[in-house]
Amino acid sequence: MVGDCALTVEPAGLYVHVPFCRSKCRYCGFYSVPTAGWDGTGVPSRISPRLGAPPNAMHRVWEPYTGRLVAAMLRELDRYEGVQFRTAYVGGGSPTALPPEQLLGLARRIAERLEQVEEFTVECNPGQVDAELLADLRRAGVNRLSFGAQSFRAAELELLGRRHTVEEIGRAVELARRAGFDNVGLDLIFAIPDSTLADWQYSVEAAIGLDVQHISAYSLSFEPGTVFDVWRRNGRLAPVDEELDRAMYEWVIDRLGQVGLPQYEISNFARPGFGCRHNLGYWANRPYVGIGPGAASYWQGDRVTHDSNMEWYMAAVESGQKIPGAVERLGWEDRICETAVLSLRTRAGIDLAAFEHKTGCDLLRTFAATIRRYCDLGLMEITGCAVRLTEQALPIADSILCDFAALE
Amino acid sequence: MDIQHIRNFSIIAHIDHGKSTLADRMLELTGTITAREAKDQILDSMDIERERGITIKASGVTMEYEYAGEGYMLNLIDTPGHVDFHYEVSRALTACEGALLVVDASQGIQAQTLANAYLATEAGAEILGVINKVDLAAAQPDLVAEEIEHVLGIRKNECFRISAKTGMGVRELLDAVCELLPPPADRSEEPLRALIYDSHYDDYRGVICYVRVVSGSLKPRQKIRLMRLGSTYQITELGKFRPDMRPVEQLGTGEVGYVIANIRNLGDVRIGDTITDDARPAPDPLKGYQPPMQMVFSDFYPGNNTEYPRLRAAFERLALNDASFSFVPQNSQALGFGFRCGFLGLLHMEIIQERLERENDIDVVQTAPTVSYEVLMSDGTVQRIDSPSELPDRTKVEEIREPFVRLEIITTTDTIGGVMTLAESRRCKLVKTDYLNPTRVMLDYKAPLAEIVYDFYDQIKGISHGYATMNYEFTGFEAGDLVKIDILVNHTPVEALSLIVHRSNAEARGRKLIIKLRRAIPRHQFEIPLQVAIGGKIIARETIKAYRKDVTAKLYGGDITRKMKVLKKQKEGKKRMKSVGSVEIPQEAFMSILDTSD
Ligand SMILES: Nc1nc2c(ncn2[C@@H]2O[C@H](COP(=O)(O)OP(=O)(O)O)[C@@H](O)[C@H]2O)c(=O)[nH]1
Ligand code: SF4
């Protein structure tokens, strides 16, 4: 099919999902299996984040298991023989929960696949890195690090169930710089129950003080199946007030803009030129391959999501079979709508020419009434060659984006 | 068959008192259907109703029966589906000489029983009282017989006591039909006049008319004329329902059957119309049956504008076998193109609504029902308006008159207090209280239709723990201190939400209404003021707050599929709403306007 060829020649991204964490953070809805407290005999059961032996002691127990998974992921990668990736992102889970040799092995093999590497990111837990690991990663070809800082308030880290300290964040960023990384990002979370605007400002200022190139600021969401979700339902936690959530959001957009980290996507801010290229690929609706259990791909017009089950995944890869999961073939309409919805998340908005090139249709005509209505309401604007949300629209973007989720 | 041996009759009953069961028993006893078929019919009755086959509608079944050594032709003219519709009952009764009034021995007389009995009397039909379900342990046939005598004047010892379920007493009842009900009048020498009392549409054969021949006779290939429009057709088939359609060579005076004449245009056939012979026409049509006046109106808009033609086609079909339903195109600034539909009452509206959904699968947005008003203009002329939006300019209006009804409520003596309190709060005036027996009472009210049109019945059902029944009948228009309430959504008046109400409760109603709207209209990206205005003056205000935060923080490769699904759903929800300016108003909001509960 013509459309499919067109897709595959677009630059593609590679995502590798490492489904392990030392322990499960209370708010986290990602697929990851906590290794702390696990005896290594089978798939670990749910355990309290507070449990667990010191990290290094644990390594020995589950090393064979994670090793088998890493090997399986590399075999899955082999299925894409000949495909050129421009960006790679190793995330999770916590890649740094892997024994260092395994993580490095993985990184080196990925680097081989990136001949014209633009960007190679590894997500790191600030409490799980040392100078040696970072230097090795840099040598392996990794050129960007993203640290899950989340907050600079100890009480908030505690509530979130993070296992690192405030000090470890600063230390990790410093180690990264010394290891030769000039592209470092921090993730922060706001609207944490009981936190105030001042708490949030404190964390943001602390992050700014570390002089990183990239900051992601996420409003906390209560994901189904998380400890936070249970606590919210039984009344132990309450989401912060909508107005406060909004105030925190508006403040961070302003503040980071002032210090030279302008917003380039709903939740992302970067020094000019340092926007995450891998993620920008998602928002441009470009193809990507996701490796690992629970990972998602958009490849040759299909959206494929592997089941979040390590055993099934390994068994399928090892026996050369199809990996169990969901496959959705996108139609013409889906492609138009997804491209519009995803691109609108960026501050650049939908580039009219790129949109037409990709979907074969004229955005201003396809969504004429919707765009006109939102322009009239001051929630969208047409800037030269693009259509984008106005600043005012960002906090309520979903209520607008849904109108682009199906054709008029 | 000579006319003396024909009996045309209906069964009338409050819902669930056993009309269908009794009809099945009769069909069985007369050998019209076998017991097995009867059973299937009962079992399938849900599905059956949905189809347009003949057995279902069984609107006029012909049975053969032997009594006192002589053969009789019994035509049971049943009303399709919803028995408690007096207009349908009266339609059937115009084709009959007699009626069996069935009352449940454990429930006694209900408001609908009374209404049906009045109709039968008006139609000049002979009534036989039937007490059904005497097999039940809870049956109190003596008490019910007393009630029947007290309220309807049918002698208690003349009531038939039967069990439609076991068949007990049904043969005696059929004997009585032959013996006690009168035969049709012999008008076989007069020119043809056949009353169309029902019809349905068959995709292959066109309109099938259900007729009762009043004078003269019908024959295949005869050239007939429909007297209302003067259109002519040639009969292609003539027959009887037994209960499936069986062609016959003639339908004589007094007989009941169907006529097929290749009638393709739904609009040509009206129930109540008279068929005559084109070559030898009757001078006047039959009185037909008087379609009662439409009292309740509501607008229907297609959920999606492209469905407009389908909605029109659906209404045409509905109107075909329901002469008392009407629809005219309507164009609303808020809701686009749709239809203003007229109904006899609330239950009628619900039936049409249900049939529309069930038979046509069309999404509609419906406005709250309103009643029609008479407006006396300053120049002395009188106008009928059936929507608050049609109310002329205040300065030209002398007075507004609203429809009043005679309302009968039957309830238990221990719930009478609650029922009376509710009725009073709705401006109903008590005319008479009548104790049917020591535990049951009938309340007779004079009530403004507008006050009982929406949720009144549900409320008295609640107050009386499901016991009370009610019925009403239009009596006339009367002037009142009525005002129009306008609702402004985001500063735009929405005609579909305006109301005419009594001044005494205008402000309270307006306030309640916008509180309901505030709950029914979802938040938008901007603040939406809701205002109530009477004659241009704002008397109340509510605000729907804007969304403050509604954005997914993380959207990366693994989140796209799930998020797109969520957004699509959100979008579909919006599609089911109507936009007024930039505000999306859901269907419930339009319905909330006559809901006077808290
Ligand atoms: N026990 C008993 N139940 C009956 C009798 N006649 C009807 N029923 C039941 O009463 C219910 C309503 O009967 P139906 O004929 O559908 O009532 P309709 O709504 O008047 O047509 C059904 O469950 C019947 O089985 C009877 O004589 N005895
Ligand atoms: S470290 Fe990250 S992926 Fe692991 S549980 Fe915590 S938030 Fe989730």
task: Can you give me the number of residues within region B:322-331 that are touching a helix residue (DSSP H, G or I) at 6+ places or on another chain (Cβ under 6 Å) and either open to solvent by less than 40 Å² (accessible area, probe 1.4 Å) or on the phi > 0 side of the Ramachandran plot (or both)?
output: 2
- prompt: Restricting to region A:209-225, what's the tally of residues that are in contact with a strand residue (DSSP E or B) (Cβ under 6 Å, 6 or more places away or on another chain), within 12 Å of another protein chain (Cβ to nearest Cβ) and not hydroxyl-bearing (Ser, Thr, Tyr)?
  reply: 2
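Hey, any hits in region A:90-103 for a residue that's away from ligand 2 (no atom under 16 Å from the Cβ), modelled with pLDDT of 90 or more and either crowded, with 22+ Cβ neighbours inside 10 Å or part of a loop (DSSP other than H, G, I, E, B) (or both)? If you could, list the steps in order and put the result at the bottom.
Filtering region A:90-103 for residues away from ligand 2 (no atom under 16 Å from the Cβ) gives A:99-102.
Retained after the next criterion (residues that are modelled with pLDDT of 90 or more): A:99-102.
The next check asks that each one be either crowded, with 22+ Cβ neighbours inside 10 Å or part of a loop (DSSP other than H, G, I, E, B) (or both); those that pass are A:99.
Yes, because at least one residue in region A:90-103 is away from ligand 2 (no atom under 16 Å from the Cβ), modelled with pLDDT of 90 or more and either crowded, with 22+ Cβ neighbours inside 10 Å or part of a loop (DSSP other than H, G, I, E, B) (or both).
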message: Are there helices (runs of 4 or more DSSP H) fully within region A:226-313 with at least 2 residues that are open to solvent by 60 Å² or more (accessible area, probe 1.4 Å) and either more than 14 Å from chain B (Cβ to nearest Cβ) or touching a strand residue (DSSP E or B) at 6+ places or on another chain (Cβ under 7 Å) (or both)? List them.
response: A:227-233, A:242-258
- request: Need at least 1 residues that are open to solvent by less than 30 Å² (accessible area, probe 1.4 Å) and within 14 Å of another protein chain (Cβ to nearest Cβ) per element, so show me which strands (runs of 3 or more DSSP E) inside region B:449-566 make the cut, counting only ones lying wholly within it.
  value: B:528-534, B:537-544
- prompt: Going by the conditions given, is B:LEU238 out of contact with any His (no Cβ under 8 Å at 6 or more places or on another chain), in a loop (DSSP other than H, G, I, E, B) and at pLDDT 85 or above?
  reply: no
- prompt: In region A:104-134, which residue that is in a strand (DSSP E or B) and open to solvent by less than 20 Å² (accessible area, probe 1.4 Å) is nearest to ligand 2 (Cβ to nearest atom)?
  reply: A:CYS124
query: Would a scan of region A:61-84 turn up a residue that is open to solvent by less than 50 Å² (accessible area, probe 1.4 Å), modelled with pLDDT under 80 and of a type outside the set (Ser, Thr, Tyr)?
result: yes
task: Considering only region A:131-178, state which residues are of a type in the set (Asp, Glu), more than 27 Å from A:GLY29 (Cα to Cα) and in contact with a helix residue (DSSP H, G or I) (Cβ under 7 Å, 6 or more places away or on another chain).
output: A:ASP136
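The values are calculated or read from the model by the stated rules, or taken from the named source; none is laboratory data. What you see is a predicted model; the values in this text were computed from it and never measured. Note: ideal-geometry Cβ built from the backbone for every residue, glycine included; neighbour counts use all protein chains shown. Heavy atoms of the whole protein, side chains included, go into the accessibility calculation; ligands, DNA and RNA do not. Shrake-Rupley method; radii C 1.70, N 1.55, O 1.52, S 1.80 Å.
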